[in-house]
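The values are calculated or read from the model by the stated rules, or taken from the named source; none is laboratory data. For clarity, every value in this text was computed on a predicted model and none was experimentally measured. Positions of Cβ are backbone-derived with ideal geometry, glycine not excepted, and every protein chain shown enters the neighbour counts. Ligands, DNA and RNA are excluded from the accessible area calculation, which covers all protein heavy atoms including side chains. Shrake-Rupley method; radii C 1.70, N 1.55, O 1.52, S 1.80 Å.
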Amino acid sequence: MAKINVLDKEVAVYVQNDEDYICITDIARYKDPDRTDYLIQNWLRNRNTIEFIGIWEQLNNPDFNPIEFDGIRKQAGLNSFILTAKQWIEKTHAIGVISKTGRYGGTFAHKDIAFEFASWISVEFKLYLIKEFQRLKDDERKLLGWDIRRNLAKINYRIHTDAIKENLIPAELKKSQINRVYASEADLLNMALFGLTAKEWRDSNPDKKGNIRDYADISQLVCLSNLENLNAHFISEKLPQAERLEKLNAIAIHQMTLLTQDKNIKLISGGK
């Protein structure tokens, strides 16, 4: 569960079924921290609110109960009318509002509905809420872009090691021998892209944890993924290791020249 800071108030964001839900209990605290449930109930009593969330459910929820909705809509606005979030969910099978209990409990609403509630609380708060929510989504997209490339490198490494196993490793080798072959091929790529082996990097960077690839930038990760695929192809063609290194190094130089000038790569990296 993520948190965003809106006008010095923490607001929780919860993801369910790939949809973002914002804690309207946290939003209500901006107006009155001691009566959040009362504020939400008052908002739900409003006829305009019922119309809005009812239409939202009809558009997004095939299991929504229209008969119960019509009954609630007819009562909305009457002095005797009371409606809690839990009652709305139970009677109509609504999915746009979620009532959570426990440590991270509260009333959550789909972002479309939460922004509407924020307008009712404070137009200023709504505008800042949208701004901070968008910032959260932008940060998540940047992180996703980075993770995709790291995962791509891992997937391609599996393809790469499978090619080594099929073409370079004789049957019945001891595990230590197999590991030495893998290390040799990994260092072939390290040499082609970084100009040094994993051991040489560790010796030159004794204060750093992990390995040389953990410190690669976006351009290097993209290039590394391509080199792994190409090396797997070269291995299947039975090219000698020295010849593969020469080819891969030339390809790495060419690709890195292009990648470091690519505007889209710079945007993913957070550059300008």
| request: Being part of a strand (DSSP E or B) and either touching a residue at least 12 places away in the same chain (Cβ under 8 Å) or open to solvent by less than 30 Å² (accessible area, probe 1.4 Å) (or both) is the filter here, so list the residues in the stretch 1-14 that pass it. | output: A2, I4, N5, V6, K9, E10, V11, A12, V13, Y14
| For R135, all conditions in the list (1) at pLDDT below 80; (2) closer than 30 Å to A12 by Cβ; (3) open to solvent by 70 Å² or more (accessible area, probe 1.4 Å) hold save one; what is the number of the exception? | (1)
| request: Output the number of residues of the stretch 51-105 satisfying the condition of being assigned to a loop (DSSP other than H, G, I, E, B) and open to solvent by 60 Å² or more (accessible area, probe 1.4 Å). | output: 12
| query | Out of all the residues in the stretch 62-71, which are closer than 12 Å to I89 by Cα and of a type outside the set (D, E)? | reply | F64, N65, F69
| message | Pairs needed: first member in the stretch 90-115, under 26 Å from Y128 (Cα atoms); second member anywhere, assigned to a loop (DSSP other than H, G, I, E, B); C-beta distance under 6 Å; at least 6 residues apart or different chains. | response | I95/N61; Y104/M1; H110/G96; I113/G96
| query | Before we move on, is L39 in contact with a Leu (Cβ under 6 Å, 6 or more places away or on another chain), touching a residue at least 40 places away in the same chain (Cβ under 8 Å) and closer than 27 Å to Y128 by Cβ? | reply | no
| query | When you go through (1) open to solvent by less than 40 Å² (accessible area, probe 1.4 Å); (2) under 18 Å from E132 (Cβ atoms) one by one for K31, which number turns out not to apply? | reply | (1)
| request: From E140, E90, grab the single residue that is acidic (D, E) and over 27 Å from the mean Cα position of the chain (by Cα). | output: E90
| remark: Selection from the stretch 119-132 of residues surrounded by 15 or more Cβ atoms within 10 Å (Cβ to Cβ) and under 30 Å from I67 (Cβ atoms) yields W120
